[in-house]
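Data block below; observations after.
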Amino acid sequence: MDDDLLEFCRSIPKIELHAHLNGCIRSSTFRQLLSSSDDQNRLDQLEQTFAQGNTHSRMANVFEKFALLRSCVTNLDEIRRITYETLEDFSNDNVIYAELRTRPRSFDQGRIPSSAYIETIIDVIKQFQEKICARLILSIDRIQSVEQATETFQLAQQYRDYVVGLDLSGDPNVKSFERFRSIFDLAKQVNLSTTIHIGELPDEECLNENNLILDYEPTRLGHFNFRTNEQEQRVIQEKIPLELCPTSNLLTMNLNDFAEHHFNLFYTNKHPIAICTDDSGLMDCCLSTEIYNIAKSFHLSKKDLYEFCFRATNLIFDKNALKFLQQKLEEFSQQSNIF
Ligand code: IMP
Ligand code: ZN
């Protein structure tokens, strides 16, 4: 391991643009929240069998873990804790701007509404504002109804001070972008940025859905693991920014090495890219090491990395924060003598 490069990746001020709030849960917290030994055993089993399968079975494994996680987060105190620990972890890793995404949910059969869920997260974001500038992206889950997705859009509008975008995520076996297209059109009409998970499975239906997503022209795209050459060229030509999550992509794509990751293809085309963590808790990774692994695999120098991180700031949804982030990076470059 190149300690000097790793230290550089740790100390450079970073931005996180693709992090699912509940997926950031510390594994120790996840274990504590699991109430029964059956659930503990199920988690053990899922962790043991994950690496055995192909992309489809790995995805099924990950989504079973998400379901287990969802079933054991049952109140606002737990969401407060998860948000607190997530921001603490990012801030300790010198992340200075983070867009956390989450699917709003109610608790207690609706007695605690989704608005309370969002307000709880915003409360914690405010507590951390001196350490990290955090914003929210609300997620529509692929399995939801159009009514539920409409409610999410309305919540995004209601909390525009902190909500900076709308995401489509969830089990990629469910091809539902078309169903939600009208809601994403509404987002465009009110200048709410959008990011869509795209190309997560190596199948025909997924490749077909990719075209529908690209036709919509979202503000950013997540992953883009599986795609046709034509789709690849289209994204490059249209300069649609990509959120790439190396560890998560490597695990779900079943790659042997970071060197096989599609980062380089887009990087060498000078494409707008952000390196992100996706689910830092469940995937057991952090942003510094994600950036380090990519730098190491594709022989990026400190100067390359600095320029990469600087360019990535242009991809944030809350443009009000741009100047502050670029200033922080400039201060860092003056102190660290990379040029
Ligand atoms: P939450 O929205 O804060 O509850 O974060 C967890 C949720 O994010 C999961 O239940 C999934 O729906 C979604 N998610 C996390 N990682 C992925 C991914 O790689 N692909 C699609 N959806 C994901
Ligand atoms: Zn994701």
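The values are calculated or read from the model by the stated rules, or taken from the named source; none is laboratory data. Just so it is clear, the structure is predicted and the values come from calculations on it, not from any experiment. Glycine also receives a Cβ, built like all others from the backbone with ideal geometry; neighbour counts cover every protein chain displayed.
Of the numbered criteria (1) under 19 Å from the mean Cα position of the chain (by Cα); (2) within 15 Å of ligand 1 (Cβ to nearest atom), the one Gln148 fails is (1).
For the subset of segment 128-145 comprising residues that are more than 19 Å from Arg80 (Cβ to Cβ) and charged (D, E, K, R), which member is nearest to the chain's Cα centre (by Cα)? Looking at the filtered set, the residue picked out is Asp141. Only one entry of Ser139, Ser106, Ser115 meets the criterion of being more than 27 Å from Lys175 (Cβ to Cβ) and among the hydroxyl-bearing types (Ser, Thr, Tyr), and that entry is Ser115. Residues of segment 234-280 that are within 13 Å of ligand 2 (Cβ to nearest atom) and modelled with pLDDT under 95: Leu251, Thr252. Restricting attention to segment 45-59, the residues that are without any contact (Cβ under 8 Å) to a residue 24 or more places away in the chain, surrounded by 14 or more Cβ atoms within 10 Å (Cβ to Cβ) and over 19 Å from Ser28 (Cβ atoms) total 0. Just one of (1) under 18 Å from the mean Cα position of the chain (by Cα); (2) buried (at least 17 other Cβ atoms within 10 Å of the Cβ) fails for Cys72. It is (1).
If you go through segment 1-41 and keep only what is assigned to a loop (DSSP other than H, G, I, E, B) and more than 26 Å from Val73 (Cβ to Cβ), you end up with Met1, Asp2, Ile12, Pro13. Being within 12 Å of ligand 1 (Cβ to nearest atom) and either at pLDDT below 95 or on the phi < 0 side of the Ramachandran plot (or both): is that true of Cys9 here? Judged against the criteria, Cys9 is not a match.
Here Leu255 meets the list (1) assigned to a helix (DSSP H, G or I); (2) within 30 Å of Glu204 (Cβ to Cβ) almost entirely, failing just condition (1).
Comparison of Val95, Val62 shows that the only residue that is under 30 Å from Ser11 (Cα atoms), in contact (Cβ under 8 Å) with a residue 24 or more places away in the chain and buried (at least 18 other Cβ atoms within 10 Å of the Cβ) is Val95. Among the residues making up segment 292-321, those that are closer than 14 Å to Phe263 by Cβ, part of a helix (DSSP H, G or I) and aromatic (Phe, Trp, Tyr) are Tyr292, Phe308.
Residues checked against (1) more than 16 Å from ligand 2 (Cβ to nearest atom); (2) modelled with pLDDT of 95 or more; (3) touching a Pro at 6+ places or on another chain (Cβ under 9 Å):
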site	(1), (2), (3)
Tyr84	yes, yes, no
Ser91	yes, yes, no
Val95	yes, yes, yes
Glu99	no, yes, no
Arg103	no, yes, no
Ser106	yes, yes, yes
Ile125	yes, yes, no
Ile132	yes, yes, no
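Scanning segment 248-303 for residues that are among the small types (Gly, Ala, Ser), farther than 23 Å from His56 by Cα and away from ligand 1 (no atom under 16 Å from the Cβ) gives Ser288, Ala295, Ser297, Ser301. Close contacts from segment 167-182, counting a first residue that is without any contact (Cβ under 8 Å) to a residue 40 or more places away in the chain and a second that is away from ligand 2 (no atom under 15 Å from the Cβ) and among the acidic types (Asp, Glu), with Cβ to Cβ under 6 Å and a gap of 6+ residues or different chains, come to Lys175/Glu205; Lys175/Glu209; Phe177/Glu209. Considering segment 98-110 alone, what residues qualify as being under 22 Å from Phe180 (Cβ atoms) and either part of a loop (DSSP other than H, G, I, E, B) or among the β-branched types (Val, Ile, Thr) (or both)? Within segment 98-110, Thr102, Arg103, Pro104, Arg105, Ser106 meet the criteria.
Among the residues of segment 283-298, those that are surrounded by fewer than 20 Cβ atoms within 10 Å (Cβ to Cβ), of a type outside the set (Ser, Thr, Tyr) and either in contact with a strand residue (DSSP E or B) (Cβ under 8 Å, 6 or more places away or on another chain) or farther than 14 Å from Phe8 by Cα (or both) comprise Asp284, Phe298. Do we find a residue being within 17 Å of the chain's Cα centre (by Cα), within 16 Å of ligand 1 (Cβ to nearest atom) and surrounded by 20 or more Cβ atoms within 10 Å (Cβ to Cβ) anywhere in segment 186-195? Yes, that holds for at least one residue. Scanning segment 238-248 finds one or more residues that are part of a loop (DSSP other than H, G, I, E, B), basic (Lys, Arg), touching a residue at least 24 places away in the same chain (Cβ under 8 Å) and farther than 19 Å from Asp171 by Cβ.
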